[in-house]
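Enquirer: Here you go, one structure.
Laboratory data are not the source of any read-out in this text; all were calculated from the coordinates shown. Keep in mind that what you see is a predicted model, and the values were worked out from it rather than measured. Cβ sites come from the backbone with ideal geometry, for glycine too, and all protein chains shown count toward neighbours.
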Amino acid sequence: MNGYALIVVLGAALLAIERLRPGRALPATKGWFARAAALNAAQLGIVVLGGHTWSVWLQGPSLLHIDAQLPAIAQGFLCWFVGTFVFYWWHRARHAFDMLWRLHQVHHSASRIETLTSFYKHPLEIAINSILSSTIIFVFLGASVEAVGWYSVFAALGEFYYHMNVKTPRWTGYFLQRPEQHSIHHQLDVHYYNFGDITWWDRLFGTFKETDRFTAQCGYHPGREQRLAQMLVFQDVNK
């Protein structure tokens with residue numbers, strides 16, 4: 001089973017788990033499942049496209065050469081770990097600059113924080129994320145092609161985990177971002193704190209906020225979440 005197929009299987013399993021043991025009641029949102037299915041399918045399509053285009057083009061000279069020193073699974077984990085630092089700052093930039101926020105606002109429009117929300121993103125944002133990942137993997141770290149599958153699995157599991165609608169043990173939050181913590185990031189009129197896939201960078205740079213139980217509303221004020229077409233053409237629906 002290749003990395004992409006494994007991610008789909010894992011995603012389906014996690015969807016089932018959160019349906020059987022939900023962490024909290026989620027709001028009924030008109031059109032949510034159709035929109036989420038469409039954008040998750042776009043995510044998969046763009047990542048597969050990237051595997052045949054920019055991921056290939058970026059292979060070649062690299063700053064480091066971890067492919068000569070580590071097995072593929074360790075390379076994949078190291079790429080993911082380094083990537084969490086880079087993406088922490090990329091995530092903060094998407095909140096700090098207006099044009100980047102217009103790109104990122106699709107993800108924050110969701111009032112339901114669950115596994116499907118993980119890749120509910122603007123297609124252009126997905127493409128940029130994929131190009132950035134390939135740059136980290138090949139240009140900076142010099143990982144092997146085999147490591148890409150492992151990187152993709154680690155990255156997808158991280159995204160799935162901190163968006164899942166399940167209750168999680170507090171101790172996992174010393175390293176991984178818990179869904180209870182990341183829900184603060186999506187909270188109505190907050191949209192800040194807990195930017196990272198792991199909590200270390202938020203703790204180090206002063207953007208960490210803890211909670212054991214999240215009950216607030218997420219997303220935007222009523223009616224704005226459904227304005228997906230406007231968000232896709234970079235109109236800020238909160239202005």
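Enquirer: Would you please put 85-91, 227-233 in order of how densely packed they are, using the mean number of other Cβ atoms within 10 angstrom per residue and starting with the highest?
Expert: Output ranking for 85-91, 227-233: 85-91, 227-233.
Enquirer: I need the calculated FRET efficiency for the pair Phe81 and Val9, taking r as the beta carbon distance and R₀ as 25 Å, to the nearest 0.05. All intermediate terms of the calculation are to be shown ahead of the outcome.
Expert: On the way: r = 24 Å, r/R0 = 0.95.
Calculated transfer efficiency: 0.60.
Enquirer: List every residue whose amide H lies under 5 Å from the amide H of Cys218, counting only residues 5 or more places away in sequence or on a different chain, with H placed 1.01 Å from N in the peptide plane.
Expert: Correct list: Leu188.
Enquirer: Then there's this: Give the long-range amide H neighbours of Leu176: residues separated by 5 or more places, or on another chain, with amide H under 5 Å away, using H modelled in the peptide plane at 1.01 Å from N.
Expert: Thr199
Enquirer: Between Arg227 and Val56, what length in nm is gained on full extension when 0.36 nm per residue of separation is reduced by their alpha carbon distance?
Expert: Values: separation 171, 0.36 × 171 = 61.56 nm, distance 3.56 nm.
Between Arg227 and Val56, full extension yields an extra 58.0 nm.
Enquirer: Sticking with this structure for a sec: How high is the relative contact order of segment 30-232, in percent, counting Cα pairs under 8 Å that sit 6 or more residues apart?
Expert: So the answer I get is 27 percent.
Enquirer: In deg cm²/dmol, rounded to 500, what helix-only [θ] at 222 nm does the chain give when every DSSP H run of at least 4 residues adds -39500 (n - 2.57) and the total is split over its residues?
Expert: Helix contribution divided over all residues of the chain: -17000 deg cm²/dmol.
Enquirer: How large is ³J(HN,Hα) for each residue in segment 227-239, as worked out from phi by the Karplus curve 6.51 cos²θ - 1.76 cosθ + 1.60 (θ = phi - 60°), to whole Hz, x for Gly and Pro?
Expert: Values per residue, Gly and Pro as x: 8, 4, 4, 5, 5, 5, 9, 6, 8, 6, 6, 9, 10 Hz.
Enquirer: Name the lysines eligible as straight-distance cross-link partners of Lys239: C-alpha to C-alpha under 25 Å, and not fewer than 8 places from it in the same chain.
Expert: Hits, sequence-local ones excluded: Lys30, Lys121.
Enquirer: Alpha carbon centre of segment 51-130 versus segment 5-31: separation in Å?
Expert: Result: 22 Å between the Cα centres.
Enquirer: Restricting things to Cα coordinates, could you compute the convex hull volume per residue of segment 1-142 in Å³?
Expert: 138
Enquirer: Now a separate question. Among the lysines, select those whose C-alpha is under 22 Å from the C-alpha of Lys167, and discard any that sit fewer than 8 residues away in the same chain.
Expert: Lys209
Enquirer: Summing Lys, Arg as +1 and Asp, Glu as -1, what charge do residues with Cβ under 12 Å from the Cβ of Gln230 carry, Gln230 excluded?
Expert: My count for the surroundings of Gln230 gives +2.
Enquirer: Right, here's the next one. P(r) for the chain, please, calculated from all Cα pair distances in 5 Å bins and given in %.
Expert: Cα pair-distance distribution for the chain, in percent: 1, 6, 14, 18, 20, 18, 13, 6, 3, 1, 0.
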